[in-house]
Amino acid sequence: MPSSSSSSLHDAFRPSVVLPLLDVPSFDALSAVLREASGGGGDSFLACPIDLIDVNVVDLIDVGDHKNDVLSHPRDSRDEVIASLSMYAKDKSQFHEPPAHLPIFVVAPNTIQGVADVIRACRKHQKTLGCVVVVRGAGTGVEGGAVPYQKRAVVLSTRNLNEISICDAADNAAVVGAGVLKNELNKYLKKYNVFFGPDPSSNPSIGGMISTSGSGMSTLRYGTTRENVLALTVVTPAGDIIETRRPTRKNATGYNLTHLYIGGEGTLGVVCRAVVRVRPILPIRCGGVLTFPTVALACQTAVQVSQLADTDLTAIVRCEMLNEEGVKCTNEVFGTTLDVVPTMFVELQGSDVSRVEEQWRTLVRIAKGSLKQTYAGDGDKLDELWDARRGCYIAASKYRKLVADKEGVPRAGPPIDNVLLTDVCVPLSELADVVDATETDFKVANVPCVMCCHISDGNFHCCVPCNATGAPREIGHVQELEERLIERALQRRGTVSGEHGVGIGKREFIVREHGDAHIGVQKSIKKAMDPTSLLNPGKVLFEENASNTSNSRL
Ligand SMILES: Cc1cc2nc3c(=O)[nH]c(=O)nc-3n(C[C@H](O)[C@H](O)[C@H](O)COP(=O)(O)OP(=O)(O)OC[C@H]3O[C@@H](n4cnc5c(N)ncnc54)[C@H](O)[C@@H]3O)c2cc1C
């Protein structure tokens, strides 16, 4: 059994914490409670083999007999457990240091009381075991929030918190378990001719969307997740079950706990259930594609769209943009035949065809600098384009290989690239300049940059194909470009994360954005709500004396 107080190169994540030697009776006692909370085990409970506790995932392939890529080729039940545990040691982030550790337990309670039991038991054994709790939704996060970088993490999966029910029609609301995926929720709601407004390009859990304050492609019309949550049921770090407020239209009953937990990234409490707003599905869907000679002109049009969204363009639901590289990449990977220029995709919805069409004409009128405007009367046809737009991240990962093959240029490195995904958001008045300067910066550096933009929100992502292993110069280069993008956004009063959250990837950047005094307030909130730092320590905010993890990205 490894002596866990010994330090390794990768202990930097909790430098101020000296872990106790593993207390086996404590481990067994916690194991029993978690197994029970999971409804008796099955695939809702996993325990780490005791000799692999405190081994990080990178070192795991060198442990004992497991030299043959045990993570991808399970050979017996022990290996299956390790392979399953390792699935809970990653999310969709790709460039973070230090490496993750295998969780000591994975538990997926199927009741809120079960969640409370897990939290109480973990708290009880926190001192003797040195354990922490990392809450996990669908694991689609891109900033490492759900990854157990911490040693001795109990990963609490919300996937069995899967209730859904619709409220009285007058309430325009639904009650949804934290583990329900966005697409599942909308499938259920369709029966009632309503849907949940926020629409990330991914398919996350509702708890994950709430905890990262996520949004996506329909923010212009329906707002972010924050604006669509009426109330939450949360398990606190003490194991108490609380409701953040009553799900009324108005509520003036003290501090707004709902909004503290939204964007809390699993550091303040476990979101177990939400009452969310639902919206009517409108019968008419149409849309179109507008092309532009430059990203700046496309941005200027998007700003006007946003300004008119409450007056002349009330039917606009989505307004997204791909830059030239993004279109090239989409054509290459998804077989679309879009003109290779900056392109805006819009969707309009309403109850009356003529009014919706009239708004399309208004849009064309304001898109003065556009090259071409293609109308799609049948909104369902747009879905292929939206699927392609959603697929940008995957497309970016395959892009360089496809282009190299097409051009017959032999290419070193893996066929699928890693993708660095940035997420800045700037005031609309600064949008055109910032997007333009960013694209130019990447072009000058000769680094392909797929820009996929929730453009009418001032929020844009650069998907940069890049190899995480074996190409330090490439990584360094991309890191410099990202740094410059962050600096550019900050100088223009923007934010370093519009929707992906902080995790560990953006901790350093939020200090730059907010300054020490502001971060001090955030730290006191964490301290007050989670005094023993049980929940996801080291995420969002650096732990004390953790400056040696500042270079956490790339
Ligand atoms: C291809 C791709 C496209 C994406 N597009 C978008 C987009 O358009 N818009 C957008 O906003 N994001 C997008 N994302 C990012 C990601 O999907 C979101 O951050 C999402 O909201 C994360 O939800 P999840 O269920 O996967 O959470 P996880 O990744 O499992 O967890 C994320 C964080 O939330 C915490 N958490 C999860 N559930 C709970 C809970 N119940 N209680 C407390 N804490 C919890 C975790 O501890 C972690 O800190 C995209 C990601 C990918 C890979």
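Across the alpha-carbon atoms of the stretch 450-525, the computed radius of gyration and Dmax are 14.2, 41 angstrom. Computed from backbone phi with θ = phi - 60° and the Karplus coefficients 6.51, -1.76 and 1.60, the 3J(HN,Hα) list for the stretch 158-173 is 8, 5, 8, 8, 10, 6, 9, 8, 8, 7, 3, 3, 5, 8, 6, 8 Hz; x is used for glycine and proline.
If you sort the three axes of the alpha carbon gyration tensor as a ≥ b ≥ c, you get a/c of 1.5 or more for the stretch 219-304 and a/b above b/c, which makes it prolate.
So if R0 is 51 Å, what FRET efficiency would residue 378 and residue 437 give, r being the distance between their Cβ atoms, rounded to the nearest 0.05?
Numbers: r = 38 Å, r/R0 = 0.74.
About 0.85, to the nearest 0.05.
With each label modelled as a point 7 angstrom along the Cα→C-beta vector, the residue 87-residue 124 pair spans 3.0 nm.
Where Rh denotes the Kirkwood radius from the mean inverse Cα pair distance, what is Rg over Rh for the stretch 164-280? Show your work: numbers first, answer last.
On the way: Rg = 13.3 Å, Rh = 14.1 Å.
Expressed as Rg/Rh, it is 0.94.
FRET efficiency for the residue 77 to residue 401 pair, using the beta carbon distance and R₀ = 41 Å, is estimated at 0.65. About the centre of its Cα atoms, the stretch 80-128 shows a dipole size close to 260 debye [charges on the beta carbon of Lys, Arg (+1) and Asp, Glu (-1) only; nearest 20 debye].
Using a simple spin-label model with pseudo-atoms 7 Å out from Cα toward Cβ, residue 484 and residue 24 lie 5.8 nm apart. Using the structure shown, select from 124/539; 372/401; 328/443; 381/406 the pairs with a Cα to Cα distance greater than 24 angstrom. Correct reply: 372/401; 381/406.
Multiplying each eigenvalue of the alpha-carbon gyration tensor of the chain by 5 and taking the square root yields semi-axes of 39, 29, 21 Å, largest first, rounded to whole angstroms.
Calculated FRET efficiency, residue 51 and residue 242, Cβ-Cβ r, R0 30 Å, to nearest 0.05? If you can, show how the numbers build up before the last one.
On the way: r = 39 Å, r/R0 = 1.30.
For R0 = 30 Å, the calculated efficiency reads 0.15.
What is the stretch 426-466 by shape, rounded, prolate or oblate, if you read a ≥ b ≥ c off the alpha carbon gyration tensor as root eigenvalues and call it rounded for a/c under 1.5, prolate for a/b larger than b/c, and oblate otherwise? Oblate.
Taking a ≥ b ≥ c as the square roots of the eigenvalues of the alpha carbon gyration tensor, the stretch 211-362 is prolate, as a/c is not under 1.5 and a/b beats b/c.
Using 0.36 nm times the number of residues separating residue 518 and residue 165, minus their current alpha carbon distance, what extension gain do you get? Each step should come with its number before you reach the end.
Numbers: separation 353, 0.36 × 353 = 127.08 nm, distance 3.91 nm.
Working it through step by step, the gained length comes to 123.2 nm.
Which value, in debye to the nearest 20, gives the size of the charge dipole of the chain about its Cα centre, when Lys and Arg are +1 and Asp and Glu are -1 at the Cβ?
980
Taking only the alpha carbons of the stretch 283-500, we obtain Rg and Dmax values of 17.6, 57 Å in that order.
All of the numbers you see were taken from the coordinates with simple rules; none came from a lab. From a predicted model like this one, the values you see are computed outputs, not experimental measurements. Ideal geometry is used to build each Cβ from the backbone, glycine not excepted, and the neighbour counts take in all protein chains shown.
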